[in-house]
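These notes are about the structure you will find just below.
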Amino acid sequence: MKVEGEISVDAPRASVFERLRDAPFFASCVDGVSDLTAIDETHYNASFATKVAFMSFKFKVSVEMTRIVPPDEIEAKVEGTPVGIVGRLTATASTKLTERDGKTVIAYVIDANLTGKLGSIGQPVLKSKAKEMEKQFATRMAAAFANAGAAS
Amino acid sequence: MSGTVLTGGQVGRSLPRLEARAKVTGAAEYTHTMRVPGMLYAKMARSTVPHGRIKSIDVSAAKAVPGVYGVYTGEDIKTVIPDPYYGPAFHDQPILALGKVHYIGEPVAAVLAADPHVAEHAAAQIVAEYEELPAVFDEVEAAEDKVLVHDELKPATTFADLKHLKGRKDTNCALDFRLRRGDVEKGFAQAAHIFEHTFKTQKVLHLAFEPHASIADYKDDGVTIYSSAQGPSFVRTEIARLLGWPENRVRIKVPFLGSGYGGKLYIKMEALALALSMLSRRPVKVALTMEEVFFTITKHPSTFKIKSGIDKDGRVIARKCEIWWNGGAFADIGPRVTQKSGFTASGPYDIENVSIDSYALYTNLPPAGALRGFGIPQLVWAYESHTDMIARALKRDPLDFRKQNLLREGRPHATGTILKDAAIEKVLDTIAARLDWKKPFERGTGTVKRGRGLAVALKAVISPTTSVAIVNVGGDGSCTLYCGTIDMGQGSDTAMAQMVGEVLNMPAETIRVVPRDTDVVPYDMGTLGSRSLFHMGHAVRLAAEEAKAKIAELRREVGEPDGSNAPLADLFQKKYGMQAGNIVGTGTYKPDYIPPEAGTGQTTNATPFWMTAGAGVEIEVDTETGHVRILRLINVADVGNPINPRIVETQLSGASLMQLGFTMFEKMHIDNGQVTNASFADYKIPGIHDVPAIMENEAVEAYQSNGPFGGKGVGELATFGVSPAIANAIEDAVGVRLMELPLTPEVVFRAIRAHNNMPLGDE
Amino acid sequence: MTPFELLEPASLKDAIALIDPDDPTVRPMAGGTALMLMMKAGVFAPTRLISLGKIGDALTRIETKDGALAIGAMTTLSKVEHSADVAKYAPVIVHTMKRLSNVRVRNVATIGGNLAHGDPHMDLPPVLIALGASVRTAATKGGRELMVEDLLTDYYETALERDELIASLRIPAQGKARAAYLKVTTGSADDWPALGVAVSLDMDGDKIKTARVVASAATPMAIRLKGAENVLTGKAVDDKTLKAAGDAACDEAEMVADVRGSAAYKRELLRIYIGRAVRAAQQADAKP
Amino acid sequence: MVTRTISFTLNGRAVNAEVQSHHNLVEMLQSQFALTGARESCGQGLCGCCTVMVDGLAVSGCLFLAMRADGTEVTTVENLATPKTLDPVQQAFIDCGAFQCGYCTSGFILMAKSLLAENPDPNDDEIKDYLAGNLCRCAAYPEIIDAVKTAARNTKPA
């Protein structure tokens, strides 16, 4: 499944880039991510939990920053195993930053795959969840930069 | 051959199925619901990557689950079966993954427990780590050999017709079949018109309602396996090979079979059940859930590039066919699908110059095998759509164009084999007559448009194959038939009993067909490809005829005059002085066959009998939504002389409805190798409301001159014509041509919008 | 499935008391069909299920007063389907039931469970929203009355608190309003809908006085399409109005893609089916 | 309590069974009473192979917790025939050839009986609507519709 979108923030591209490559900040914009630990400059482990109604899913995930090209591009690969159910989550997330009308546009493409039991049965439910998470992500991101903008 | 038709009055009866009572009372027992004392249940952990090397498999959490008897991986299997690979064409499938996984859903470990829920819960705790490898999913891409599914191919030589398969390296191509007749390039050069189209079919699956199940009870001196198998003789051979044993220590029993449609052929869960029984020293049952069936066996998706040259008079003078079969991760019987369907890829037409290339390809998807037609429905979809497109482009009536080019009795087929006993034209004419083809057709009003279409097909049967049968008449005169054909609903037990009854002049319902058990029942190649009625039918006929001759001998021996009607029991009584003794007749049948010449596919004897059938439809299309309603579905087939007309009709009707699902909506949705709709909730099959308002089934008057009592196989026939007939009718109704299955409302709607220059965007 | 504790309290009060609002693995269970599916799929492993099946009579009654219906939450769908009162006062429900899941599910599934599950593909919620139905809940801190359209908040999400149960459903008297529900499937004829559209119309002569238009299945939850309703209000039912209503519906509804169709396709279905549902409602049997 | 002894009436006979919370009705019937006419196939209540009657109502046995059978009256397909006789619905299924592999047949027969109890003379649409929740991969649907109509004719009071 593929999620694509754009967020426009009122901040210079270089500073947006710096914040985006700051993993704790980035993780704070994704609902359900906790226990982020850095292994080295480009590798992290984290927990990711999401719930749909009373069904909850927990994943142990590892994140690798696969491409960092200041100030336009960041690409990360996420791999995770769900807890207690057969499956596997793999995702690549790439963001491209461009300047438009004095603002910075963050264009993102997330390509996620779910396999195993989750993939064969839970896909429709989790697809819809992904859409909801995307909205939250955009909102949080926009809010974070709005705050940053106000503070500066 | 069987020119001496006897008049026992049994052949041609619409006798209800012999096993009917067992089925309506719930007494019929299937492997999936069987239990054996002391039995453990197995549940599998499956691969979560489409292609990868196994780095580790952590079974500790699974082992710690209370109630777990044992957890096993491929390495454990090797301790009891050192070379644990199986398969009918290639020994490429490991009992549990070894070293590598080849598709998402491949079994990597198994848990045993007395409670299947415990086993299932524990299996979910197994964590395997993989080094992921690039994967290939598309058949045409796989042919480029950039990603290799297997490091090395290991051919089996179990079947005579696959003996030429050689082990290959650096390729995903398990078999390439070539047929060359005339000079196709010269034909194109002479043609007035050239047409080239590419058609695709999607991945679908059998979904027999009894999911695969096998129970193995291993003892050091022998093993008994109860299994939902369509070919117990093959299972026995393969299990014996894995064990390094003679076949007589392996016993395969098949109770009632909750159908198969090709999905339970060759070897499926039997080897895993065996290995786990060896490891645990307990009887072990492997019974899949319906979800797991989606990861076990499927139908080949295909890409078919077809090119035809037509002369100025409308004759097809050259046809080039290239077909890529997506076989998934293990070959299963894909090579045979590739070859046998390759024979007839150019269709039921008389074409001077033909070139066929048919490729069996490995990909990182769940394996594909035979599904009610051995590849023929995929081919007919392409060539009968193509034929209609040519007729329309040439402004020819599609029926007339077909009739002009039809292959007729006595003419050589593309293989070089002369067509005999194939009522192709009669089938086509019957469909046309039922559709009132030459009369004006009501085209619908407003936003609902009507259309009609037809299609006709030809198939060569799998050959050479052998069947053996035993007819046993007991001291009381009652008769028992031992034959290995699996009656999975096609009515073979009834038809075979009718043939025995015909010969021995007994009511078929008094004849017992013994349950399938390889310790008791002689060899049969398998219940597949509509071969049983012909092959086993002959074996049964021969066995009955031998018994009949021995009865006549006994009659003479005990002093009965010629033409005596003395009951059989009296003959035994006279000979043995009491109710005792047996008369046993045996029959073995193997038809003549000349293998196709390598490289050209030419042979003067490609098939013991030809199969032909077609379909006609009337449909309406809701142009506002793309919904297609089948108003009328006509199935016409040449079944030779129908042995049991009612069962024949049910077979035709059922096969066409199954194909209707494959045509209209069935599709395994796959996302980077992951099947995402592995359940009846999201993979829909035809239900009672999907039955067309009018269904007509007809077996044309025909006689298979070398068939038992003039009969031949039926099971696959009505699948052939349905898909192209519907696509042809859709073009007839709304002017759009669909070249990929399934024909869902969205596909139709998008095509209509594109046709009107208002394409619908993706979202 | 894994073992759990099954409790069968005798009263709604006891049931609520047994729920642990902080433990998501404790769930109330009505008919249990939807819950069983999730448990079998392994996406839900309860530690405790509180069956509401033995609560008895009070929750399985269908009562009428002046054309309004009150239906106990534990009333099975088949009881609702066969109720003479429902047939009389809300015939659209009876029609909907004929193609809702199947007989066996309807024999077990309950009206309360159907609503509490929050599955957007269910056929009943859009119909109930079109009829202006509401639920009465029971909870530790006392119950409340909620419109069905406010009960469903998102994909599989409802406004119910963890310790809050639906006690009954109320369908107001429909007067002269007529309603219809169209279920659009794109695979087999019997499938979860790709789109559901429910419409209730109150006509004033040949003009629409009020319309309630609800979409489901293609949307994250059953949702009223007020833009379409506004277009219809005060107009006669003609092709132009219906097309405008369809367009308005497409502008406001969020579409979810799945194996039954892309979002773009489902939007086109909605555009057409708004009109078809309005016409079906117009031609539906009038109330007495 | 994960394991419990329940009491119910099975095909007219009072019985007890020791069941676990996570076991469904089909598993209980198969493992404890050797009744295999109700079979799990799709596992989702969609195919109808697992149909069982509980208190006179058809349910999907694969989605019905065994414990909930406590105190009920359970009837399975095995209860319809005696060694000498068949139920008119069973006979009609044979006469009309309304099955092939037979795996779904018990479910169709119980559903057809249930339909005829509610509606002794159903038309084609009523039959289809009622049986729409039962699937037959062999697709003997036309014959099944025929069988229900035949059974209706044969059970109608003279």
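List of remarks:
- In nm, spacing of pseudo-spin labels at B:Q579 and C:E157 (7 Å Cα→C-beta vector): 7.7
- Ellipticity at 222 nm from helices only: DSSP H runs of n ≥ 4 in chain B, each -39500 (n - 2.57), divided by the residue count, give -8000 deg cm²/dmol.
- Ranked by solvent-accessible area (1.4 Å probe, protein heavy atoms only, all chains present), the residues B:R392, B:R629, B:R531 order from largest to smallest as B:R629, B:R392, B:R531.
- At least 27 Å along the helix axis (C-alpha) and Kyte average at least -0.5, DSSP helices within chain B: B:532-557, B:645-664
- Relative contact order (%) - criterion: Cα under 8 Å, at least six apart; region: the stretch D:88-155: 55
- Projected label distance in nm at B:F441 and B:E597, using a 7 Å step from Cα toward the beta-carbon: 4.2
- Solution diffusion estimate, µm²/s, Stokes-Einstein, the stretch B:524-583, Kirkwood Rh from C-alpha pairs, 10 °C, viscosity 1.306 mPa s: 119
- Counting only protein heavy atoms and using a 1.4 Å probe, the accessible area of C:D57 comes to about 100 Å².
- Folded to 0 to 90 degrees: helix D:105-118 orientation relative to chain D principal axis, Cα: 70
- Applying Stokes-Einstein at 37 °C and 0.692 mPa s to the Kirkwood radius of the stretch C:178-282, computed over alpha-carbon pairs, gives a translational diffusion coefficient of 246 µm² s⁻¹.
- For the stretch B:410-482, the spread of Cα coordinates along the three principal axes comes to 72, 39, 20 Å, biggest extent given first.
- For a paramagnetic label modelled on B:S280 (point 7 Å from Cα along Cα→Cβ), amide N atoms under 20 Å away belong, within the stretch D:5-33, to D:20, D:22-24, D:27-28, D:30-32.
- Loop-resident GluC sites (Glu not before Pro) (DSSP state other than H, G, I, E or B) in the stretch B:84-186 with no more than 12 further Cβ atoms inside 10 Å of their Cβ: B:E144.
- If you run the Gaussian network model on chain D, springs between alpha carbon atoms under 10 Å, then out of D:N24, D:N123, D:N134 the most flexible one is D:N123.
- Among the protein heavy atoms, those of B:K438 account for about 130 Å² of accessible surface (1.4 Å probe, every chain in place).
- Within the full protein context, the accessible area of D:K113 is estimated at about 70 Å² for a probe radius of 1.4 Å.
- Highest mean packing first, where packing is the average number of other Cβ atoms within 10 Å per residue, the peptides A:54-65, B:604-615, B:357-368 line up as B:357-368, B:604-615, A:54-65.
- Antiparallel DSSP beta bridges within the stretch D:3-77, percent to nearest 5: 90
- Per DSSP, loop trypsin sites (Lys or Arg not before Pro) in the stretch C:92-143 with at most 10 further Cβ within 10 Å: C:K141
- Extension gain (nm, one decimal) between B:R241 and B:R396, 0.36 nm per residue minus Cα-Cα: 50.1 nm
- Computed from backbone phi, the HN-Hα couplings of the stretch B:707-712 come to x, x, 6, x, x, 7 Hz, rounded to whole numbers (Karplus: 6.51 cos²θ - 1.76 cosθ + 1.60, θ = phi - 60°; Gly and Pro given as x).
- Over chain C, relative contact order from alpha-carbon pairs under 8 Å, at least 6 apart, %: 16
- Mean Cβ count within 10 Å, highest first, over the residues of peptides B:204-210, C:231-237: B:204-210, C:231-237
- Taking the convex hull of Cα positions in the stretch D:88-155, its mean projected area over all directions (nm²): 3.7
- Ordered from highest to lowest accessible area with the whole protein assembly present and a 1.4 Å probe, D:R137, D:R4 read as D:R4, D:R137.
- Accessible surface, 1.4 Å probe, highest first, among residues C:K266, D:K84, B:K684: D:K84, B:K684, C:K266
- Stokes-Einstein D for the protein assembly as shown, Kirkwood Rh over Cα pairs, 20 °C, 1.002 mPa s (µm²/s): 65
- Mean sequence separation of contacting Cα pairs (under 8 Å, at least six apart), scaled by the length of chain B, corresponds to a relative contact order of 16 percent.
- Kirkwood-based shape ratio for the stretch C:106-217, expressed as Rg/Rh from alpha carbons: 1.01
- Placing dummy labels 7 Å off each Cα toward the beta-carbon, the span from A:A146 to A:A130 is 2.7 nm.
- Close amide H pairs (under 5 Å, H built 1.01 Å from N) link B:K100 with B:I54, residues at least 5 positions away or on another chain.
- One decimal place: the segment A:K77-A:S8 gains 22.5 nm when fully extended, by the rule 0.36 nm per residue minus the C-alpha distance.
- The local environment of D:F64, defined by Cβ-Cβ distances under 13 Å, has a net charge of -1 under the rule Lys, Arg +1 and Asp, Glu -1.
- Between the alpha-carbon centres of the stretch B:234-275 and the stretch B:490-510 there is a gap of 27 Å.
- Charging the Cβ of each Asp and Glu at -1 and of each Lys and Arg at +1, and nothing else, the dipole of the protein assembly as shown about its Cα centre rounds to 1520 debye.
- Values of log10 I(q)/I(0) for chain B across q = 0.11 Å⁻¹ run -1.22, by the Debye formula with one identical scatterer at each alpha carbon and no solvent.
- Prolate/oblate/rounded call for the stretch B:466-618, Cα gyration tensor, a/c under 1.5 rounded: prolate
The values are calculated or read from the model by the stated rules, or taken from the named source; none is laboratory data. Here the structure is a predicted model, which means the values were calculated and not measured. Cβ sites come from the backbone with ideal geometry, for glycine too, and all protein chains shown count toward neighbours. Calculation scope for accessible area: heavy atoms of the full protein, side chains included, ligands and nucleic acids excluded. Shrake-Rupley method; radii C 1.70, N 1.55, O 1.52, S 1.80 Å.
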